[in-house]
Amino acid sequence: MRICPGLEQAFGREEFAMDVSQTRATTVEAVSGVAPDSVSAHDRAVLRQLAEQQAEIAALPAHKETIRRWTDLNSLKPGKPLVWINEEPWHEMNHQDELTLRCEHPFYRAAEWTLRHIIYRWRHMPVDMVVEPVFYSSLVIQDTGFGIDEDVSVVRTDAASDVVSREYHPQIHEEKDLEKIKTPQLTLDAETSERNYQALHNTFGDVLPVRKCGVVHQWFAPWDELIRWWGVQEAMLDLALRPELVHHAMDRLVGAYLARLRQWRELNVLSVTPGNYRVGSGGLGYTADLPGADFDPGHVHPRNQWGCATAQIFSDVSPKMHEEFALQYERRWLRNFGLNYYGCCEPLHLKLDILTSVPNLRKVSMSPWANVDKMVEKAGSKYVLSHKPNPAVLATDQWHPDQARKNLRQVLDKTRGCTVEIIMKDVSTVRYEPQRLWEWARLAKEVAEEYA
């Protein structure tokens with residue numbers, strides 16, 4: 001889920017490693033732990049200096065124009081392609097100690113992490129990012145989860161990286177195993193939420209305003225979860241061999257997701273912010289269409305927000321089976337939202353006909369493996385095409401910026417007349433040369449300007 005846009009700007013992957021603790025970047029504990037009773041003079045000085053830097057950046061007039069362009073893009077208005085980067089290999093990006101954490105307390109180190117990464121991105125690879133004059137303090141929501149965790153063997157090629165190869169050990173073999181999938185139970189920890197907010201506000205709120213924030217956007221990928229418990233090969237075979245078991249599993253899991261959504265609404269922890277957060281696997285969510293005419297700021301509903309869904313493991317599954325085993329269940333989720341994004345890494349050029357059934361569909365992922373010609377033919381100007389350049393261009397023995405530029409032009413030549421965003425994501429490595437990604441950011445902006 002996306003808890004608050006400031007954190008989403010800083011955190012690329014769903015998980016990040018800190019040298020003090022492990023914390024999930026897109027959960028409510030992103031500013032981790034409970035705030036101490038008082039902040040040390042050292043931690044206060046570090047955070048105030050960084051907060052001042054973010055406030056100075058946020059005051060630049062360029063952000064208003066960037067917001068307008070994202071708003072126009074998400075309204076399908078003509079304009080230049082917009083560029084955004086996330087899911088960076090942060091363990092390879094610490095140039096001249098810019099990302100080295102200096103706070104002492106874990107709570108403040110997490111806030112420092114957010115500030116440093118926003119500033120770093122703006123300094124080196126801003127593309128079409130927006131820096132807001134606010135720091136978001138996440139509501140603390142306890143969530144019991146789905147009752148089943150992956151049983152996995154991991155192989156690492158880089159001990160510092162969170163990108164690993166996984167072999168899943170199946171835990172779902174028969175009907176009775178579906179009972180392992182539980183309905184999450186949620187509670188709002190209002191006391192800790194308030195304490196954390198006050199700690200941040202008292203530390204630097206006079207320099208950079210602090211605002212409480214709940215769930216602004218939810219990542220919905222039930223098949224990403226299911227294969228972790230079922231096994232990839234086993235799940236794909238069972239689409240044909242045991243379809244009823246697969247249907248029962250999807251019905252149970254999607255029901256659990258919807259129960260979580262209902263509890264978010266009942267706890268009143270859904271939030272609407274200007275749109276400075278990733279939508280689905282794409283770019284920023286600024287839009288004139290949300291939160292909608294019926295918006296009540298005192299009680300946010302899913303219809304005031306973006307929704308998304310993806311079935312990445314279905315890359316080679318036929319459109320008919322995609323509809324039967326994924327999309328019919330995903331629509332149960334997607335129909336709750338005001339606008340929707342579909343897809344991630346799966347190629348969707350053969351699935352666009354069935355995607356017309358998605359309510360309020362506005363953006364469609366165009367992964368590196370999609371056939372661009374077919375995407376343009378089918379999608380035309382009906383959706384934003386969320387183009388994902390292949391990040392492998394950053395991982396070669398030698399960095400070839402000319403090839404990266406050529407790759408972008410080849411796609412943008414074919415998508416003339418379409419509404420396009422360029423999203424560099426899933427960057428596993430830059431071979432410990434962060435300058436590669438900085439240069440890609442510069443050249444991508446230059447190429448986008450050519451197609452304005």
Does region 211-218 contain at least one residue that is under 27 Å from Trp333 (Cα atoms), touching a Leu at 6+ places or on another chain (Cβ under 7 Å) and exposed (fewer than 14 other Cβ atoms within 10 Å of the Cβ)? no
Extreme residue, surrounded by the fewest Cβ atoms within 10 Å (Cβ to Cβ), among residues of region 62-79 that are out of contact with any strand residue (DSSP E or B) (no Cβ under 9 Å at 6 or more places or on another chain) and basic (Lys, Arg): Lys64
Look through Glu266, Glu225 and report the one residue that is within 19 Å of the chain's Cα centre (by Cα), at pLDDT 95 or above and among the acidic types (Asp, Glu). Glu225
Could you check, for region 331-354, whether at least one of its residues is closer than 25 Å to Asn407 by Cβ, free of Cβ contacts under 8 Å to residues at least 40 places away in the same chain and among the acidic types (Asp, Glu)? yes
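Here's the yes/no breakdown for (1) surrounded by fewer than 21 Cβ atoms within 10 Å (Cβ to Cβ); (2) out of contact with any strand residue (DSSP E or B) (no Cβ under 6 Å at 6 or more places or on another chain); (3) not aromatic (Phe, Trp, Tyr):
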site	(1), (2), (3)
Trp230	no, yes, no
Ala235	no, yes, yes
Gly282	no, no, yes
His299	yes, yes, yes
Arg303	yes, yes, yes
Asp316	yes, yes, yes
Gly338	no, yes, yes
Taking region 158-189, which residues are assigned to a loop (DSSP other than H, G, I, E, B) and either of a type in the set (A, V, I, L, M, F, W, C) or surrounded by fewer than 14 Cβ atoms within 10 Å (Cβ to Cβ) (or both)? Ala159, Ala160, Val163, Val164, His169, Ile172, His173, Glu174, Ile181, Gln185
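Would you mind finding the one in Ala311, Ala288, Ala293 that is more than 22 Å from Arg242 (Cα to Cα), touching a residue at least 12 places away in the same chain (Cβ under 8 Å), of a type in the set (A, V, I, L, M, F, W, C) and out of contact with any strand residue (DSSP E or B) (no Cβ under 8 Å at 6 or more places or on another chain)?
That would be Ala288, the only listed residue that is more than 22 Å from Arg242 (Cα to Cα), touching a residue at least 12 places away in the same chain (Cβ under 8 Å), of a type in the set (A, V, I, L, M, F, W, C) and out of contact with any strand residue (DSSP E or B) (no Cβ under 8 Å at 6 or more places or on another chain).
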Sole miss for Glu330 among (1) part of a loop (DSSP other than H, G, I, E, B); (2) crowded, with 20+ Cβ neighbours inside 10 Å is condition (1)
What are the pairs, 6+ residues apart or on separate chains, where a residue within region 44-73 that is more than 11 Å from Leu208 (Cβ to Cβ) has its Cβ under 8 Å from a residue that is in a helix (DSSP H, G or I)? Arg44/Thr203; Arg44/Phe204; Val46/Tyr108; Val46/Glu112
When region 403-452 is examined, which residues are found to be polar (S, T, N, Q) and over 23 Å from the mean Cα position of the chain (by Cα)? Gln403, Asn407, Gln410, Thr415, Gln435
Taking only pairs six or more apart or across chains, which ones have beta-carbon atoms under 8 Å, a first residue in region 144-163 that is closer than 30 Å to Gln263 by Cβ and modelled with pLDDT of 90 or more, and a second residue that is outside any loop (DSSP other than H, G, I, E, B) and of a type in the set (A, V, I, L, M)? Thr144/Leu186; Phe146/Leu253; Phe146/Ala256
Evaluation of Phe325 against (1) surrounded by 19 or more Cβ atoms within 10 Å (Cβ to Cβ); (2) out of contact with any strand residue (DSSP E or B) (no Cβ under 9 Å at 6 or more places or on another chain); (3) farther than 23 Å from Leu261 by Cβ (one fails), failing number: (3)
Enumerate the pairs (first residue in region 93-118 and without any contact (Cβ under 8 Å) to a residue 24 or more places away in the chain; second residue anywhere and surrounded by fewer than 19 Cβ atoms within 10 Å (Cβ to Cβ) and among the small types (Gly, Ala, Ser)) with beta-carbon separation below 8 Å, excluding pairs fewer than 6 apart on the same chain, so at least 6 apart or on different chains. none
Meets criteria (acidic (Asp, Glu), over 23 Å from the mean Cα position of the chain (by Cα) and either surrounded by fewer than 16 Cβ atoms within 10 Å (Cβ to Cβ) or at pLDDT 95 or above (or both)) for Glu87: no
For a quick check of your reading: which helices (runs of 4 or more DSSP H) sit entirely within region 28-141 and have at least 3 residues that are aliphatic (A, V, I, L, M) and closer than 30 Å to Asp289 by Cβ? 41-58, 62-74
Quick one: count up the residues across region 90-108 that are within 22 Å of the chain's Cα centre (by Cα) and buried (at least 21 other Cβ atoms within 10 Å of the Cβ). 2
Please work out which residue is farthest from Gly147 (Cα to Cα), limiting yourself to region 190-215 and to residues that are among the acidic types (Asp, Glu) and either under 24 Å from the mean Cα position of the chain (by Cα) or part of a helix (DSSP H, G or I) (or both). Glu194
Within region 230-288, residues acidic (Asp, Glu) and within 24 Å of Pro170 (Cα to Cα) come out as Glu234, Asp238, Glu244, Asp251
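The values are calculated or read from the model by the stated rules, or taken from the named source; none is laboratory data. What you are looking at is a predicted structure, and each value in this text was computed from that prediction instead of being measured. Ideal geometry is used to build each Cβ from the backbone, glycine not excepted, and the neighbour counts take in all protein chains shown.
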